[in-house]
Structures are given as structure tokens and as C-alpha cells.
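In what follows, a single structure is set out as C-alpha cells and then discussed.
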Amino acid sequence: MTDKNDSMKNKLNGMKDKVVGEAKDQYGKATDDKGKQVEGKTQKVKGKAEESYGKATEDKDENR
């Protein structure tokens, strides 16, 4: 059983990574820095995955 705090931490970290990733992506577009764009897109994907994991573990625990 996962701790409810762990689920919340995963969701919050995921949201943070999505926001920071979007900022890096936009910065990369504005400065024509393809590397920064890739870094931002990668961080957004990581954030989406972490947020989804947090939601899934929270839902699983609620259904027990």
C-alpha cells in the first residue's frame, strides 16, 4: 500500500516538471535552441508520467 503523501508528492512533482518543461520548451523556441526544446519536451513527458502514476496509486488506494 502506498502512502497518500507519496501519491500527492508524485502528482505535485509531475505538475512541476510539466510547467518547468513547458518553460524550457518555449525558451528553446524563442532562442532557436533545439537542445533546450528537447530538454523541455522530455521533462514534460516525465512530468505527465509521474503525475499519472501519482493519480493511479491514489485511485488504487481509494478503491481498497
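The residue that is farthest from residue 59 (Cα to Cα), counting only those in the stretch 1-44 that are of a type in the set (Lys, Arg) and open to solvent by less than 60 Å² (accessible area, probe 1.4 Å), is 36.
Pairs linking a residue in the stretch 38-64 that is within 13 Å of residue 18 (Cβ to Cβ) and modelled with pLDDT of 90 or more to a residue that is among the aromatic types (Phe, Trp, Tyr) and in a helix (DSSP H, G or I), with Cβ atoms under 9 Å and 6 or more positions apart or on different chains, are 40/27. In the condition set (1) within 10 Å of the chain's Cα centre (by Cα); (2) acidic (Asp, Glu); (3) open to solvent by 80 Å² or more (accessible area, probe 1.4 Å), residue 50 is compliant with all but (3).
The values are calculated or read from the model by the stated rules, or taken from the named source; none is laboratory data. In this text, all values refer to a predicted model and were calculated from it rather than measured experimentally. Cβ sites come from the backbone with ideal geometry, for glycine too, and all protein chains shown count toward neighbours. For the accessible areas, the whole protein counts, side chains as well, though only heavy atoms, and no ligand, DNA or RNA atoms are used. Shrake-Rupley method; radii C 1.70, N 1.55, O 1.52, S 1.80 Å.
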